[in-house]
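Q: The structure is given below, and queries will be raised subsequently.
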Amino acid sequence: MTCYRPRAVLLLFGVLHLTACQTWQSVSLGAISPAQVIEAEQPERVRVYMRGGGQVELESPSVEGDALVAPNVSMPLADIIGLEVREFSMDRTMILLGGVAAGVLVVAVAVVLATIEICDGSIC
């Protein structure tokens, strides 16, 4: 069981890092159309809000004619009322790095305190 612990810790840090560094950024569709956003930014993932209250998350979207197309999905651009793009977040990344640094510091202090020898009230 203990031989898998380092892998589990690395996996946990990897998952936290990937989720903390990215956030959904809303795109203002007042001055730009969804087609222009998709073609200009070519995002890996988008979250689309449609008329009628529907919401769908698409991977590798592209524009073909007057439709937004992704694997196994096609929707008219006219039905899109909102769009969010997954982007890098510096704030969340800094918070994550601060938390990791604090965790490393706590572990280092714990190791030092666990290995220190005290003889007659002073450090040997």
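Q: Hey, among D66, D79, which residue is in contact with a strand residue (DSSP E or B) (Cβ under 8 Å, 6 or more places away or on another chain), among the acidic types (D, E) and surrounded by 15 or more Cβ atoms within 10 Å (Cβ to Cβ)?
A: Checking each option against the conditions leaves just D79.
Q: Here's something else I'd like to know. Here's a check for you: in the range 1-53, which residue that is polar (S, T, N, Q) and outside any loop (DSSP other than H, G, I, E, B) is modelled with the highest pLDDT?
A: Per the stated criteria, the residue is Q36.
Q: Take the residues in the range 54-77 that are of a type in the set (S, T, Y) and within 22 Å of the chain's Cα centre (by Cα), then tell me which one is farthest from V37 (Cα to Cα).
A: The selected residue is S60.
Q: Right, I95: exposed (fewer than 10 other Cβ atoms within 10 Å of the Cβ), out of contact with any Cys (no Cβ under 7 Å at 6 or more places or on another chain) and either modelled with pLDDT under 85 or assigned by TED's automatic domain parsing to the domain that holds E59 (or both) or not?
A: No: the conditions fail for I95.
Q: Looking at the structure I just gave you, is Q36 over 15 Å from T23 (Cα atoms), under 20 Å from the mean Cα position of the chain (by Cα) and of a type outside the set (G, A, S)?
A: No: the conditions fail for Q36.
The values are calculated or read from the model by the stated rules, or taken from the named source; none is laboratory data. Only a predicted model underlies this, so the values are computations on that prediction, with no experimental measurement involved. FYI the Cβ positions are ideal-geometry reconstructions off the backbone, even for glycines, and counts take in every protein chain you see.
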